[in-house]
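Read the structure below first, then the notes.
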Amino acid sequence: MSAKTKAAAPGQKTPLAAKIFLALVALYLLIPFATTLIYSLFIEWTDVLPSGFTLRNYAELFGNMTFWASIGRTLVLCLVSVVITIALLLLAMYVVVAVNRRLGRFMQFVCMIPYALQGVILSIGIISLYTGTGTVLSNRMMMLFGAYTILVLPYIYQGIRNALNAIDAQMLIQAAEMLGCGRFRAYVQVVLPNILSGILVSSLLAESIVFGDFVLANNIAGTNYQNIQVFLQANMARSSGLSSAIVVVIFLVVGAVTAAVLKLQQSSARKA
Amino acid sequence: MAVSVETQAPAVSSASAAGAVAAAPVAGAQTGSEPAAAERAKRPQKRRGWTGYLPFLPFLAVVIGYELLPLAQLVGNAFIGKESEAFGLENFIKVFTTPLYQQSIVNSLWISVVSALVGIVVAFLAARFAYESSPRVRNAFTLVLNMMSNFSGVPLAFAFMILMGNSGVLTLLGQQWGIPFLADFDLYTGEGLLVLYIYFQIPLATLLLLPAFSGIKKEWREAATILKATTFDYWFKIVIPNLMPSILGTLSVLFSNALAAYATAYAVVMNNYALLPLQITSKFKGDVQIDNATGGALAVVLILLMVACTLINNYFTKRASKGREIV
C-alpha cells in the first residue's frame, strides 16, 4: 500500500509526469534570464543562433564611471538604511521586552503597514509631504533614507521578533536582573549576542530588497541620485547590449545574497 | 500577514514565512509569556518611570515622520476638493467619472485578477508535483523558484523586451518561421503586461503554496482508496478543500502583489497605459502638472484595495493555521 502513496519519502523516485511538469516550469522561469545572459555575450542575435562571441558589453560596463557611481550609491543606500532600521528596532524592542509589553501590539501593527502598502504609496506620500517645505526634510537624500528605512521595517522586525521569541528574551533579562544586572545592560550584553544570527538573515533579505528597488529611488530621487535600477532604466532605450550586461550583474549580486540567505536558513534549521 | 512577507521583491524566506516563522504574529506570540506578563503587572512599577521609554522614541519619530504622516497627508489630499478646496468627496467623484481613471482601475483589477488566477493554477500543479518528487528534485526546483522570484521589476521588463519586444529574439523567430502568435505579439499593451505579471506571480505563488502540501497526510489517500473514492474525489473533495485557506490566502497576496507592481509596468510602457500605480505616480511626479488632489484620491482607492487584500489574507492565514493544529 505504502508504495502507492503520494507523499515523497526519502529515496523515492520522482514520477515522470512530475519531472516533465517541473522541468517545463523551471525552463519557463529560466528562459528570460538565460536569453539576457546570451544576448549580453554576443554581437548580434537576429537568427536562430547568436553570432560573434564578445565580452565587449562587460568591458564597456566596467569601464563606465556612471555605473560604478550608481553601484556605490546603491550600496550606501542598502547599508545605511538597513543599519538605521536595525538600530531603531533593537532600541524599540528593548522597551517592548523589558519595560512594557503592551507596546508590542502597536509595534507589530506599525511594522506591518509597509507590507500592505508597498512602494508606490509610500514614495508618493513622502514626496507630497516633504517636497517644497524648504527644510532639511525636503532634501532628496533624507527622504530616500527615510523611505528605505520604512520599506525594510517588516522584514527586519519579523527577524528580530522571531529571534527574541526563540531565546525567551524576557526570561533572560529577569534572570540577569536577579543577579544584579541592570535591564538595559542585560539586554545589550546577554540578549543581543544571542539574536545576532537571527538578525543576519533578515538583514540580508532587506539588503536584497533595497538593492532591487526601483520605485522609491525613481520616484523620490530620480536622476538626482541614480541607483543601479534607475541607471538600468535610463540605459535601456540607449544600448541594449550594455543593459543586458547590467541585468546580468544585478541578477548575480541578488542571486549571491539569496544563496547566502538560503544557506543560513538551512544551517539554522538543522541546528533547531 | 504571515504570507505577505514576500509581496514585492525577493521571496527568499517565503518557504518558512508561510509556514512556521511568520504564522505566529496574531495567535502564537502572546500565549507563551502570559504568566510572566501577569507577574510583571502585579509588581509595582517602582524602578523607572518614563526614562525606560526613551529608547522607543527614535523608532516612533521615524515611523511617524516617514510612514504615518505621509499616509495621513495622502488621505488628507484626497478629501480636499481640487476646485472647491473644501472637505468632501469631490476628488473621488472625479476619479470615478473620468474615463481615464475608470479605465485605470478596471485595467489594474483585470490584470491582477487574471495574473493571480493563472499564477495560482500553475503554482498548485507545480507545488503538487514538487511535493510528490524526491527531495533532490524538490530542492533543485525550490532553488530555481527562489532565484527567479528575484527576477522582477526593471530587469524582468528588459529581459522580456529582448525576448518578445519589437525586434525581440522570439518575435524575429516567429516571423521567420511564420508563427503569428510570436510574430504579432505586442509586449507594449495590456496583454503584454499580463504575460509579464504572470511570469513574476508563478515563483512567488509556488513558494507560498509548497509548505501547505505538507499538511496533506498520505494516510488520507489510503483511506480514500479504501472507501472507494476516485482520483477526482480525492483531489476535489479532500485535498483542495483542505488546502483552500492556503490557496485563498496566497491568491490575495498575488492579487495585491500585481495591484501594487510599478517597476515592471513603468519600464515597459512608461506612463502610457491606464494602470492605477502608473496614474497615481504621474500625478505626483511628472511631466504634467502636479495634482495632489486627484493623485490622493487614486492613492486612497489603491490603499483600500490593498488593505482589503491584507485583511482577507490575515483571515485565511488564521484559518489555515487553525486547521493544521486540529490535524
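As a size descriptor, the averaged projected area of the C-alpha convex hull of the stretch B:223-326 was calculated at 9.3 nm².
For the peptides A:144-154, A:13-23, A:110-120, the ranking by mean Cβ contacts within 10 Å, running from highest to lowest, is A:144-154, A:110-120, A:13-23. Taking every residue in A:32-38 and counting other chain Cβ atoms within 10 Å of its Cβ, the average works out to 6. Sorted on the mean count of surrounding Cβ atoms within 10 Å across their residues, most packed first, peptides B:181-190, A:99-108, B:152-161 read B:152-161, A:99-108, B:181-190. Each of B:67, B:85, B:132 has some number of other Cβ atoms within 10 Å of its Cβ, and from fewest to most they run B:85, B:132, B:67. For the set B:94/B:318; A:19/B:218; B:228/B:318, the pairs lying more than 28 angstrom apart at their alpha carbons are B:94/B:318; B:228/B:318. Phi-derived couplings, Karplus 6.51 cos²θ - 1.76 cosθ + 1.60 at θ = phi - 60°, listed residue by residue for the stretch A:75-83: 5, 4, 4, 4, 5, 4, 5, 5, 5 Hz, with x used for Gly and Pro.
Calculated FRET efficiency, residue B:307 and residue A:102, Cβ-Cβ r, R0 30 Å, to nearest 0.05?
It comes to 0.80.
In order along the stretch B:136-150, the Karplus-derived 3J(HN,Hα) couplings, from 6.51 cos²θ - 1.76 cosθ + 1.60 at θ = phi - 60°, round to 5, 4, 5, 5, 4, 5, 4, 4, 4, 4, 4, 5, 7, 5, 7 Hz, and Gly and Pro are given as x.
Starting from the Cα gyration tensor of the stretch B:218-258, take the square roots of the eigenvalues, sort them a ≥ b ≥ c, and report rounded, prolate or oblate (rounded when a/c is under 1.5, otherwise prolate if a/b is larger than b/c, else oblate).
Prolate is the answer for the stretch B:218-258, as a/c is 1.5 or above and a/b outweighs b/c.
Overall, chain A carries a charge dipole of about 880 debye about its Cα centre when +1 sits on the Cβ of Lys and Arg and -1 on the Cβ of Asp and Glu, all other atoms neutral. For the segment A:16-29, counting C-beta atoms of other chains within 10 Å of every residue's C-beta and taking the mean gives 6. Only one residue of A:84, A:211, A:94 has its Cα farthest out toward the positive end of the dipole of the stretch A:72-271, where Lys and Arg carry +1 and Asp and Glu -1 on Cβ, and that residue is A:94. For residue A:14, the residues 5 or more places off, or on other chains, whose built amide H falls under 5 Å of its own are B:134. Inter-chain Cβ neighbour count for B:122-134, averaged per residue, equals 5 (cutoff 10 Å, partner chain atoms only). Distance from a point 7 Å along Cα→Cβ of residue A:135 to each backbone N in the stretch B:66-85: keep the residues under 12 Å and list them by number. Counting backbone N atoms under 12 Å from the label point, the list is B:66. Between residue A:42 and A:54, the built amide H atoms are under 5 Å apart, and every one of these is 5 or more places off in sequence or on another chain. The modelled label-to-label distance between residue B:231 and residue A:46, using points 7 Å beyond Cα along the C-beta direction, is 5.0 nm.
Each residue of the stretch A:45-58 was assigned a 3J(HN,Hα) from its phi angle through the Karplus expression (A = 6.51, B = -1.76, C = 1.60, θ = phi - 60°), giving 9, 10, 10, 4, 9, x, 9, x, 4, 7, 10, 3, 4, 6 Hz with x at Gly and Pro. Comparing B:163, B:126, B:101 along the charge dipole axis of the stretch B:42-192, the residue lying farthest to the positive side is B:126, per the Cβ-charge model. In chain A, the inverse of the mean reciprocal separation of distinct Cα atoms equals 22.2 Å; this is its Kirkwood hydrodynamic radius. Pairwise alpha-carbon distances in the stretch B:66-208 exceed 24 Å for 57% of all pairs.
Translational diffusion of the protein assembly as shown was estimated from the Stokes-Einstein equation, with Rh taken as the Kirkwood radius over Cα pairs; at 4 °C and 1.567 mPa s the coefficient is 51 µm²/s.
Values in this text are rule-based calculations from the coordinates and carry no lab data. Remember, predicted model here, so these are calculated numbers, not experimental data. With ideal geometry, Cβ positions are generated from the backbone for all residues, glycine too; neighbour counts draw on all protein chains shown.
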